[in-house]
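Read the figures in this text as sums done on the coordinates, not as results from a lab. It should be emphasised that the depicted structure is a prediction, and the values quoted were computed from it without experimental measurement. Don't worry about glycine lacking a Cβ; one is built from the backbone with ideal geometry, like all the others, and counts go over all protein chains shown.
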Amino acid sequence: MKYLVIIEETETGYSAFSPDLPGCVATGSTRDEVEKNMKAAVSLHIEGMLQEGLEIPHPRSFSTYLEAPA
């Protein structure tokens, strides 16, 4: 499954989360690092849910860009 991941630049690097996996977050010094960390976080999050017998949510989020007057 593919999950939407939101990456945000912070004062100290980058942070990421997935709206379809509440509580699944990661940080990193670079964009590449946060993407790598988030991939691992998603895997661990899903593994933990399976171990607890929880249902794995299907991806439902999507993104788009809207143009707004400056």
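Looking at the range 14-64 only, could you name the residues that are within 9 Å of the chain's Cα centre (by Cα), aliphatic (A, V, I, L, M) and under 12 Å from TYR3 (Cβ atoms)? Correct list: ALA16, LEU21, MET38, ALA41, VAL42. Residue check: is SER63 of a type in the set (Gly, Ala, Ser), in contact with a strand residue (DSSP E or B) (Cβ under 9 Å, 6 or more places away or on another chain) and in contact (Cβ under 8 Å) with a residue 40 or more places away in the chain? For SER63, the condition - of a type in the set (Gly, Ala, Ser), in contact with a strand residue (DSSP E or B) (Cβ under 9 Å, 6 or more places away or on another chain) and in contact (Cβ under 8 Å) with a residue 40 or more places away in the chain - is met.
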